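To start, the structure itself, in structure tokens.
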Amino acid sequence: MAQGKKKITLKDIAAHTGLSVNTVSRVLNKKPYYTKEVEEKVTEACRVLGYIADRNASGLRSGSTRTIAIVFDDLVNPFYAYTTDIISRIFEENGYNTIIFSNNARSPYADSDLIRSVLSRKPDGILSFLEPAQDTVSFIREEGVPFVIFGRDGAPYGMRGVDADEVYGGRLAGEHLVSRGYRNLAYIGSWHDVKVCLDRQRGFAEAAGEALDPSHVFYIREAEPEAIVQKLIADKVDALFCFNDIIAFVMMDAMERCGRKAGEDYGLVGYDNIQQMLHMPRNLTTIDVNVYDFACAGARAMLDSLSGEVPSMPSFKEGHVSVLVEGRTTPRRGW
């Protein structure tokens, strides 16, 4: 039977570099008091020898795996990929690795099965794009792992959250469509019981007034786009506000298959401005939350929680104002 490759240890790296085991350990664990030259020597030795750190073993010794888990529900949405890229870079700059978990859009909440799976990897902290399910809140607290809810309000759970003014964002969409002459509006949300979805809906309804009939509120996670489109066409709805850009693109495609073009036959507003993230043409009118600063605020909140620091700066929600980015899907209509 063929034997596996010999496991490289700190002693091997020390022998290769002529440094002490303690110095090698400090470099690999990013602890202070070594020169750039020493760091480069250790890094090169790891590359040449094929050293792979055993994070489980070092975590047991130190009580820290230097790992942060990021949890979200939908790997397809570029908003998650873009913000996770920013957040993970900041974590890396502060000596933390990132592991990703997803519930594959089964639910808008992080349930106990998902949280247990995350905790089995022994992360130092969890940054979640998902709100915790009610039956997991006490479990998370009992485990004592720092938990930050990103893009959602943490107050209902007694947890730290980093969120924007979603009601204001929805209001911007409603005001824009009404000002452009649209008079029969619809809201296409995600889930019917998620606060951020309902907050955007509330702001939109406040601005739309009588232009938004309650029967024109839909949740795409709970209804087929084709069925929604048939209702919209039958009721002569002339503009849609969607919970996010991905839903806006889904609705745009479904409407086009029925012969209706966004910007010509109806108005359309999304949310998140993923076109800017992906350097796409600015076709869709959308709400921009300044995602770069948003992601940075989420990363800072997680790092503060890990260090036990109380935030000294205003929250993102307090210091941020969303803006409407006009595309080609909301031309002015006749009165």
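Laboratory data are not the source of any read-out in this text; all were calculated from the coordinates shown. Predicted model only: the values in this text are computed from it and were never measured. Here the Cβ positions follow ideal geometry from the backbone for every residue, glycine too, while neighbour counts run over all protein chains shown.
Straight-line cross-link reach from Lys236 at under 17 Å between alpha-carbon atoms covers these lysines, not counting any fewer than eight positions away in the same chain: Lys261. Ranking of His216, His192 by neighbouring Cβ atoms within 10 Å, starting from the fewest: His192, His216.
What FRET efficiency comes out for Ser138 versus Arg89 if R0 is 35 angstrom and r is the Cβ-Cβ distance? Round to the nearest 0.05. The formula returns an efficiency of 0.60 here. The angle between the Cα long axis of helix 245-256 and the main principal axis of the chain comes to about 40°, on a 0 to 90 degree scale. Antiparallel as a % of all DSSP beta bridges within the chain, to the nearest 5? Of those bridges, close to 10 percent are antiparallel. When you count the other C-beta atoms within 10 angstrom of each residue and take the mean per peptide, 304-310, 123-129, 99-105 line up highest first as 123-129, 99-105, 304-310.
Sequence-distant contacts, meaning Cα pairs under 8 Å at least 6 residues apart, place the relative contact order of region 166-290 at 26 percent. Against the chain, whose longest principal axis comes from its Cα atoms, helix 195-208 is set at around 30 degrees. Compute the acute angle (0 to 90°) between the alpha-carbon long axis of helix 78-93 and the principal axis of greatest extent of the alpha-carbon atoms of the chain; round to the nearest 10°. Helix 78-93 sits roughly 30 degrees off the main axis of the chain. A rounded overall shape is assigned to region 166-290, the ratio a/c of its alpha-carbon gyration tensor axes (a ≥ b ≥ c) being less than 1.5. With 23 Å as the limit on Cα-Cα distance, the pairs of Lys31/Lys122; Lys6/Lys31; Lys6/Lys36; Lys11/Lys31 that go past it are Lys6/Lys31; Lys6/Lys36. The Kirkwood hydrodynamic radius of the chain, based on inverse pair distances between different Cα atoms, is 22.4 Å.
Ordering Tyr266, Tyr80 by the number of other Cβ atoms within 10 Å of each residue's own Cβ, fewest first, gives Tyr80, Tyr266.
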